[in-house]
Amino acid sequence: MKPSRVTITFLLLVAWLGLGLGMAADSRANPGESEFEGHEQGKFTNADLFGGYAVQLNTAIWTSGSSPLKLEADAVGAVQFDGDGHVSGVLVVGIGGASESIPQIGCSGVLTGTYSLNPDGTGVFIDTVTYPPGTCASGSTTHSLALANHGKTVYLIVTAGANTSQIGTITLIKQ
């Protein structure tokens, strides 16, 4: 089975982040220190993802059916990680119309979910976003994630769920 563009992009991102993290570790005055104060490199846990993060999403979504359309989507929001595998927050999504017959829409939703970090700083993030009836479609999505910039940045890509035809990245920045 041939790997998808999303899988290849994620693997390249993880490899690039891994090389960058290794170079940062070697360039410190004390090479024994990790990027997280008091944290050994390669020993990440859910506790390393804690606090408030701003959300930025720029992506394209393809509709299903006999004549799929490409829609541009952007979102901003705020999420709170509890350090124990749970996340909550809010998202405001704007989806651009692909033609005059499909108007641009905006939706505000509530996000709840879970996450799990691997020792190498990668992991899985599963969310459910609930929108008011008659606006955007509510649903659950699974993402692969990678921590970067000493845990101040989290990169996500969609791997399964409501928007599996979505191409793009989601960036979370610690506040």
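Mind checking which residues of segment 56-78 are on the phi < 0 side of the Ramachandran plot and surrounded by fewer than 15 Cβ atoms within 10 Å (Cβ to Cβ)?
Of everything in segment 56-78, those that are on the phi < 0 side of the Ramachandran plot and surrounded by fewer than 15 Cβ atoms within 10 Å (Cβ to Cβ) turn out to be 56, 58, 60, 63, 64, 66, 67, 68, 69, 70, 76.
Can you find even one residue in segment 103-122 that is at pLDDT below 90, among the hydrophobic types (A, V, I, L, M, F, W, C) and out of contact with any Phe, Trp or Tyr (no Cβ under 7 Å at 6 or more places or on another chain)?
yes
Within segment 85-93, is there a residue that is at pLDDT below 95 and over 16 Å from the mean Cα position of the chain (by Cα)?
Within segment 85-93, none of the residues are at pLDDT below 95 and over 16 Å from the mean Cα position of the chain (by Cα).
The values are calculated or read from the model by the stated rules, or taken from the named source; none is laboratory data. These numbers were taken from a predicted model, which means no experiment stands behind them. Note that we place each Cβ from the backbone using ideal geometry, even for glycine, and neighbour counts take in every protein chain shown.
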